[in-house]
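Worksheet for the structure shown next.
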Amino acid sequence: MSQLVPASVERATQLESALRTIIRGKDEVIRLALVCILSRGHLLIEGVPGVGKTTLAQALARCIDCEFQRVQFTSDMLPSDVLGISIYSTVEQQFEFKRGPIFTNILLADEINRTTPKTQSALLEAMNERQVTVDGHSHPLPNPFLVIATQNPIEHHGTYPLPESQMDRFLLRIQMGYPANDSEREILRGTAGAARLEDLSAVLKAEDVLLLQHEVSKVQVDDSLVDYALQIVNRTRENDHLSLGVSPRGSLMLYRAAQAMAFLEGRTFSTPDDFKQLAVPTFAHRVVVNARYSSTVKKSEQSEQILRDIIESVPVPV
């Protein structure tokens with residue numbers, strides 16, 4: 001079957017190319033970030049300090065001409081610092097709602113796991129329902145709405161692990177590891193990195209993002225691929241090493257992500273490889289490894305190893 005490359009795919013490709021001028025040697029990370037945006041999902045970027053998590057989020061925001069807010073999460077933040085607060089107006093003789101930074105198209109929640117669970121939970125409704133409820137009144141969020149959160153590994157001091165309900169709302173979790181030697185050499189020479197971030201121009205508008213998301217939703221997914229994805233999901237729920245399997249929301253997120261991956265590759269249909277390569281970044285942060293699992297792999301990578309074993313055990317549809 002021949003591949004179809006519509007004009008909208010070319011615009012997405014332009015966005016990907018622009019990001020590669022800033023983030024060198026991380027093509028897979030950039031591709032996954034675009035998959036997340038096109039799938040109408042939220043993105044969690046994890047890695048040690050200084051590897052470019054915030055730079056990637058800022059580059060995404062600069063490439064899309066829409067409203068952008070950055071919130072630096074700290075241990076003393078309150079939910080009202082993110083959502084907003086109702087203030088009594090002596091002139092109007094009534095309470096007025098002052099909107100917080102969450103009322104934007106792209107919200108960068110920088111080091112989200114450095115704030116308390118109380119403040120973390122302020123994002124739950126916004127990420128799932130695209131609205132915020134304060135004092136009994138619901139306020140819709142702009143469209144599109146995307147949360148890009150960064151976090152340091154939970155082994156670091158001064159961090160609060162995100163609860164399962166929060167993790168489940170992120171479509172993908174991507175790892176920003178250390179750059180390769182050649183890429184780091186370019187950074188040291190000043191030919192890549194944050195020094196050029198301010199020179200980055202917008203490639204898409206908010207309306208273009210909505211159009212691309214609509215195009216992605218039309219990518220065809222065969223019934224055999226749906227069954228393939230559900231077999232993987234069911235085995236996570238039955239696995240002896242996992243105390244929490246993938247939720248139905250996780251199944252839906254994988255479906256959307258596979259559509260977006262096919263779209264970025266210029267196809268109007270999904271393939272088994274789309275599901276197979278996206279299963280780990282979509283599911284690894286949703287499952288919980290139980291205490292009975294014994295492995296030499298680092299704790300943060302145990303869920304990924306279990307998922308890879310599950311994926312390899314499921315027959316790929318022809």
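All of the numbers you see were taken from the coordinates with simple rules; none came from a lab. Computed from a prediction, not measured in an experiment: that's the story for all the values here. Cβ sites come from the backbone with ideal geometry, for glycine too, and all protein chains shown count toward neighbours.
Extents of the chain, largest first, come to 69, 47, 43 Å (Cα atoms, principal axes, whole angstrom).
The ranking of D76, D208, D222 from fewest to most other beta carbons within 10 Å of each one's beta carbon is D76, D222, D208. Dividing the helix sum by the residues of the chain, where each DSSP H run of 4 or more adds -39500 (n - 2.57), gives a mean residue ellipticity at 222 nm of -12500 deg cm²/dmol.
Kindly provide log₁₀ I(q)/I(0) values, in the same order as q = 0.09, 0.12, 0.15 Å⁻¹, from the Debye equation applied to equal alpha-carbon scatterers of region 24-206. Log10 of I(q)/I(0), two decimals: -0.35, -0.60, -0.90. A convex hull fitted to the Cα coordinates of region 108-267 yields 208 cubic angstrom per residue. Take the Cβ atoms of T90 and N143, set R0 to 35 Å, and the FRET efficiency comes out at 0.55. Within the P(r) computed for region 230-273, what percentage of the Cα pairs occupies the region above 11 Å? Every Cα pair in region 230-273 considered, those over 11 Å come to 67 percent. Going from the residue with the fewest nearby Cβ atoms within 10 Å to the one with the most, V91, V287 rank V91, V287. Expressed to the nearest 5 percent, the antiparallel share of DSSP beta bridges inside the chain is 35 percent. Restricting the GluC sites (Glu not before Pro) of region 92-126 to loop positions (DSSP other than H, G, I, E, B) with no more than 10 neighbouring Cβ atoms within 10 Å leaves E92. From the alpha carbon centroid of region 34-66 to that of region 246-275 is 19 Å. Taking Lys and Arg as +1 and Asp and Glu as -1, the other residues whose beta-carbon sits under 10 Å from that of K53 total -3.
Applying 1/(1 + (r/R0)^6) with r as the Cβ-Cβ distance of D309 and S217 and R0 = 41 angstrom yields a FRET efficiency of 0.80. Over region 50-126, the hull volume per residue, using the convex hull of the C-alpha atoms, is 112 Å³. Name the residues of region 77-98 whose amide N is less than 20 Å from a point 7 angstrom out from the Cα of D135 along the C-beta direction? Output list for this probe position: 78-98. Each listed q (0.11, 0.23 Å⁻¹) maps to a log10 I(q)/I(0) for region 218-312, found by the Debye formula over equal Cα scatterers with no solvent: -0.32, -1.10. By the count of neighbouring beta-carbon atoms within 10 Å, fewest first, E46, E164, E312 end up ordered E312, E164, E46. Given their separation in residues at 0.36 nm each and the Cα-Cα distance between them, D199 and Q14 gain 65.0 nm when the chain is fully extended.
Global dimensions of region 87-129 from alpha-carbon coordinates: Rg and Dmax equal 14.1, 40 Å.
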